[in-house]
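**Student:** Here it is, the structure in full.
The values are calculated or read from the model by the stated rules, or taken from the named source; none is laboratory data. Note that this is a predicted model, so its numbers are computed, not measured. Note: areas computed on protein heavy atoms with side chains; ligands, DNA, RNA excluded. Shrake-Rupley method; radii C 1.70, N 1.55, O 1.52, S 1.80 Å.
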Amino acid sequence: MPFESARAIAPVTALSSVGSTFDVVDAAAPPLSTWATLDQRAGRGRLGREWVAPAGRCLAASIVVRPSASADAWGWLPLAVGLALAEAIDPLVPAATVGVKWPNDVLVDGRKVAGILCERRGDAVIVGVGVNLVLEPHELPTDRATSLRIAGAEGDADALADAVLAGVLRGIQGAADLDDADLHARIAARCATIGEHVRVLLPGDRTLVGTVTGLGPAGELDVDVDGRVERVSAGDVTHVR
């Protein structure tokens, strides 16, 4: 049965193929209900970008989440999911370094292996995750991407997808309180963007260039720009190498 380990944690609807898991998810379903596939044909990423992958090579899933949080804490949700993804991926690539890139990516050895997209629907948030499972180098969308297979993960796509999804569901379950200071500390410790020199494209086509010093109280990014700290709540971040 597909996603056997994940199904032991939450209801999982396995789809042989789908345009986008976001299009079939039921926002009224119980928390952690999940729709997942290894063949998503019309996915979308952050800022309306297209997310397309070869069939059978990547995991795409949408998860119903209803976290306990104050209004100021919702910015921590994509970071908490990133932490859950990173912790799920860790044991699969033991020789690699897994980190969270603010606000919604997971990196393995500095390259993107997974992305996150959160969409509010009524009293729920639909959390979309996409993970590169067994892509080969020539199949990668950019030279800044990687896959679990390239990073050394063993097993076929089905087994890797189940392991990752089960880990993510456990992690989200354990991060239900987005106001929790311990959760914030764990996210900061895993955040690969802290300490990096970055370029941030802000809404309105404004750009910041500086060094990230930490995370704000609502999960914002604190960027030191020529000695002045700018707090960023939304933006497209590039690690400048």
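**Student:** Return the sequence-ordered ³J(HN,Hα) values of the stretch 145-158 in whole Hz as given by the Karplus equation 6.51 cos²θ - 1.76 cosθ + 1.60 applied to θ = phi - 60°, using x for Gly and Pro.
**Tutor:** Karplus values, whole Hz, x for Gly and Pro: 10, 8, 9, 4, 4, 4, 7, x, 5, 9, x, 7, 4, 4.
**Student:** Next question, about the same structure. Going by the alpha-carbon gyration tensor, a ≥ b ≥ c the square roots of its eigenvalues, is the stretch 113-241 rounded (a/c under 1.5) or, if a/c is not under 1.5, prolate (a/b greater than b/c) versus oblate?
**Tutor:** Oblate.
**Student:** Shifting gears a bit: I want to verify a result. In a Gaussian network model of the chain, Cα cutoff 10 Å, which of these has the top mean-square fluctuation: G155, G195, G122?
**Tutor:** Taking springs between Cα atoms under 10 Å, the residue moving most is G122.
**Student:** Right, next: Quick one: among A29, A53, A157, which has the greatest mean-square fluctuation in a GNM of the chain with alpha-carbon springs under 10 angstrom?
**Tutor:** Result: A29 has the largest fluctuation of those listed.
**Student:** If you don't mind, there's one more thing I want to ask. Can you give me the relative contact order of the stretch 166-241 as a percent, contacts being Cα pairs under 8 Å and 6 or more apart?
**Tutor:** Reported relative contact order: 25 percent.
**Student:** Could you tell me what percent of the accessible area of the chain is made up of carbon and sulfur, with a 1.4 Å probe and every protein chain present?
**Tutor:** Its accessible area is 50 percent carbon and sulfur atoms.
**Student:** Using the alpha carbons of the chain, what is the convex hull volume per residue in cubic angstrom, as a whole number?
**Tutor:** Considering the Cα atoms of the chain, their hull volume per residue is 121 Å³.
**Student:** For the chain, what is the accessible area per residue in Å², given a 1.4 Å probe and the full set of protein chains?
**Tutor:** Value returned for the chain: 45 Å² of accessible area per residue.
**Student:** Over the chain, what relative contact order in percent results from Cα pairs under 8 Å that are six or more residues apart?
**Tutor:** Contact order relative to length: 19 percent.
**Student:** Taking every DSSP beta bridge that has both residues in the chain, what percent is antiparallel when rounded to the nearest 5?
**Tutor:** Just about 85 percent of them are antiparallel.
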